[in-house]
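The values are calculated or read from the model by the stated rules, or taken from the named source; none is laboratory data. Only a predicted model underlies this, so the values are computations on that prediction, with no experimental measurement involved. As a convention, Cβ positions derive from the backbone with ideal geometry for all residues, glycine included, and neighbour counts pool all protein chains shown. SASA here: full protein model, heavy atoms, side chains in, ligands and nucleic acids out. Shrake-Rupley method; radii C 1.70, N 1.55, O 1.52, S 1.80 Å.
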Amino acid sequence: MVSLIRRRHPLFLPTAVCIVTAIGLLFLDLFSVLPRPTVIRAGFTGIGASVALALFVASEGDSETVADTSQLSPSLATKVVLVAAAGAVIAAAELNSRLVPLAVLVPLGLFAVAFQLRTEPSVPAVLTQLTAVFGAAQLAKYVTTGFYFGGSDSFAHVAAVDALIEARYTTAIPHGYDLYPVFHFVIGAVKHATGLPTYDALVLTGIGLLTLVVPIAYLLGWSVFGSQRLGLLAAFSVTLLEFFSYHALYFYPQALASVFLLIALYINSQLRQATDERAFRRLSVFVIALVAMMVFTHHLTYLLFAVVAAVAIPIALGRRYLFGQSAARRRLLRYRWLFPGVIGAVFLLAYWSYSPSLITVGIVELTAGVLFDVATMPTQQLFTYGVTLPVDSVDRAVAWLLTPTGLYASGLGALLLVAAYELLAEFRSYQQGFTLTVTGLSLSVLLLPLPIAIPQIERLKFVVTLVVLFPLAVGLKRVLSVDRRYAIVALVVIATLGGATTFTVLVADDLTETYIDEPRQQVSMSDSEFESVGAASTFLQRYGDGPAATDRVTNRAFETSGFNATRTLQARPSGLRTGGTYLVAREQWTDHLVALGRGLRTGELNSFTVSDARFRAAEATQTKVYTSGSVTVYRSEDGFRRLYGTNGTAL
């Protein structure tokens, strides 16, 4: 029935999606299912559906035909993009801001690449240009952020690498990562070989490895689809997905394991195609070694990828019925294709039985407790001390749609919808690669901004991103096949999406210019602030005669100097309180939301924000025993009560 409708009325489904989306948003508003500003933000779905309809109409016809016959010299284009990429990094360093250089380079660079992909492109030229654009965006962030720590794990991993190098045995690595030390071995090796400071070795390794995802995605796409063109479009998709850019600098074990996982997918696809027994054996040995190393790299990557596998299996089983028995002459689930995953599962279970991950056990226990109503998630509150947060409104919601995050959501949604329409219209053209493409499309909704807060979903999103490369490649292929009359529009849409990806809230979380929401948690420190935190920790280690308390970020930064604030700092309606003798405060508290506690491991998940006036008033009344730059240490024999006063709460 669907195929019959598609043949007679090719625009029926895209039009219906637009209408249903509009009706759904109207329903949510009329019946007050969601607040009106939230419904307006959800309007990115309607915008994406409309853009997808327009692009699909413009590309109606033979999608295999390349519409443009004009040529751009691959050599000239590569030289221009390389010079522009280098110039953008230098300009960002000189200006101490990457906003303007990248806002110009990334869209123009991706526009040029997309233009070349409308014809028969030069594979080396396109890959070089995509690698340059992606790498330049990450290096520009590196040279303008001081110490970027993202979700704060970077502090712990810097301290862990230092401890490993000093002690020279893995048991010195804290937080249970002595059981999963591959990440720290890699960073330690880079530090030893280059002489770089640990933080720089960590970040530059992340930038290098995540930039390598571009050619890896090309090889994987080529192998999965059997098409160099779709391989190049898979590589192009790396520049359009924010999680690759985010984890290039916020580099931690799961990011490394995910790169390994992408390589494992490629090797496994080569195993399926291997006809020579000698080549098959070599690939088998390599993939077994890789899977074994992944087991010692990160404890959650396999579990997270199991979600992807759970979606892929029924699609793989149903594929034979869609394409007929002729497409399944060979056994569908052959051990020689699946043995890397089987061996990986065996390794993982065996290793966990020997040394189970405490973090994984904790997550499982908490999840089971919540499901069976024997445990509850700790409540979270935001306390405002002298600060009035902006009230959510229709105007702010409309403005959000025009931010890079809103444009990214609309553009990504549009490309994914185009991919869905293309698969329905020409599904037999994607018989090879169908399972991974449909799996990625099915899970891609998780990458869009949902009005539901799901704790730790970012970890799952990163794994899902690995398979969303495939439907994005299909969507890009269809969009780039538009008629010459509409080519400029299609190229602008793609370039705009790429430019927005560079400045979403996730990727550019250190730039207040790129979002309009209430203050966010701190994600980077200047070099001077980081040195001040280290100086304060040294003072407390040498002269402190009692326990200290501080916020979560400061305490994670203390780890890099071997110190720990052992007392909990609590936020209450009457103000901050702690029983510690010392309280470490930072001036950056007045510019950000400040998280307390130690995450899910403690019951204190509250956060606060304080006005500059109240911060200064407290400084004038507290006993200061040490000051270094923007960091101050207060002392009180009786602890601290009602610091910053009472000013209500906001959930």
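Of the residues making up segment 576-591, those that are touching a helix residue (DSSP H, G or I) at 6+ places or on another chain (Cβ under 9 Å) and either open to solvent by 40 Å² or more (accessible area, probe 1.4 Å) or without any contact (Cβ under 8 Å) to a residue 40 or more places away in the chain (or both) are Glu587, Gln588, Trp589, Thr590, Asp591. Any residue that is open to solvent by less than 30 Å² (accessible area, probe 1.4 Å), more than 19 Å from the chain's Cα centre (by Cα) and charged (D, E, K, R) - is there at least one of those in segment 395-416? No - not one qualifying residue is present in segment 395-416.
Selection of segment 544-566 for residues being β-branched (Val, Ile, Thr), buried (at least 21 other Cβ atoms within 10 Å of the Cβ) and touching a Gly at 6+ places or on another chain (Cβ under 9 Å) yields Thr550, Thr560. Yes or no: Gly221 on the phi > 0 side of the Ramachandran plot and over 13 Å from the mean Cα position of the chain (by Cα)? Spelling it out, it is not the case that Gly221 is on the phi > 0 side of the Ramachandran plot and over 13 Å from the mean Cα position of the chain (by Cα). Residues in segment 110-135 that are part of a loop (DSSP other than H, G, I, E, B) and touching a helix residue (DSSP H, G or I) at 6+ places or on another chain (Cβ under 9 Å): Arg118, Glu120, Pro121, Ser122.
Residue count for segment 101-145 under the criterion of being β-branched (Val, Ile, Thr) and without any contact (Cβ under 8 Å) to a residue 40 or more places away in the chain: the result is 1. Give segment 142-154 a look and list any residue that's open to solvent by less than 20 Å² (accessible area, probe 1.4 Å) and under 11 Å from Gly206 (Cβ atoms), or say none. If the condition is that a residue be open to solvent by less than 20 Å² (accessible area, probe 1.4 Å) and under 11 Å from Gly206 (Cβ atoms), then Tyr148, Gly150, Ser154 are the ones that fit.
Of the helices (runs of 4 or more DSSP H) contained entirely in segment 427-543, those carrying at least 1 residues that are at negative phi and touching a His at 6+ places or on another chain (Cβ under 7 Å) fall at 457-479.
So Arg229 clears everything in (1) open to solvent by less than 10 Å² (accessible area, probe 1.4 Å); (2) part of a helix (DSSP H, G or I) except one condition, right? Which one? In the conditions (1) open to solvent by less than 10 Å² (accessible area, probe 1.4 Å); (2) part of a helix (DSSP H, G or I), Arg229 misses (1) alone. Being free of Cβ contacts under 8 Å to residues at least 60 places away in the same chain and either more than 28 Å from the chain's Cα centre (by Cα) or farther than 30 Å from Ala397 by Cα (or both) is a property that does not hold for Ser97. Every test in (1) open to solvent by less than 10 Å² (accessible area, probe 1.4 Å); (2) more than 30 Å from Gly406 (Cβ to Cβ) is passed by Ala508 save one, and that test is (2). Across segment 455-492, the qualifying residues are those that are under 22 Å from the mean Cα position of the chain (by Cα) and open to solvent by 10 Å² or more (accessible area, probe 1.4 Å), and the one among them that is modelled with the highest pLDDT is Lys461.
Name the residues in segment 594-635 that are within 18 Å of Gln570 (Cβ to Cβ), at pLDDT 90 or above and open to solvent by 30 Å² or more (accessible area, probe 1.4 Å), would you? Answer for segment 594-635, where residues must be within 18 Å of Gln570 (Cβ to Cβ), at pLDDT 90 or above and open to solvent by 30 Å² or more (accessible area, probe 1.4 Å): Arg614, Gln622. Here Ala255 meets the list (1) part of a helix (DSSP H, G or I); (2) more than 18 Å from His157 (Cα to Cα); (3) open to solvent by less than 10 Å² (accessible area, probe 1.4 Å) almost entirely, failing just condition (2).
Restricting segment 177-225 to residues that are surrounded by fewer than 16 Cβ atoms within 10 Å (Cβ to Cβ) and small (Gly, Ala, Ser), which is farthest from Ser237 (Cα to Cα)? Taking the candidates together, the pick is Gly195. Checking every residue in segment 559-575 against the condition of being closer than 19 Å to Ser152 by Cα, without any contact (Cβ under 8 Å) to a residue 12 or more places away in the chain and not hydrophobic (A, V, I, L, M, F, W, C) gives at least one match. Taking segment 310-342 as the range and being at pLDDT 80 or above and buried (at least 16 other Cβ atoms within 10 Å of the Cβ) as the test, the residues that pass are Val311, Ala312, Ile315, Ala316, Arg319.
The single residue among Leu110, Leu105, Leu139, Leu130 that is modelled with pLDDT under 95, out of contact with any His (no Cβ under 6 Å at 6 or more places or on another chain) and crowded, with 21+ Cβ neighbours inside 10 Å turns out to be Leu105. For segment 287-309, filtering for residues that are open to solvent by 70 Å² or more (accessible area, probe 1.4 Å) and more than 24 Å from Phe470 (Cα to Cα) leaves 2.
Exactly one residue among Arg520, Arg484 is in contact with a strand residue (DSSP E or B) (Cβ under 7 Å, 6 or more places away or on another chain), more than 30 Å from Val625 (Cβ to Cβ) and not polar (S, T, N, Q), and that residue is Arg520.
Within segment 115-127, the residues that satisfy the criterion of being among the hydrophobic types (A, V, I, L, M, F, W, C), within 21 Å of Val492 (Cα to Cα) and open to solvent by 20 Å² or more (accessible area, probe 1.4 Å) are Phe115, Leu127.
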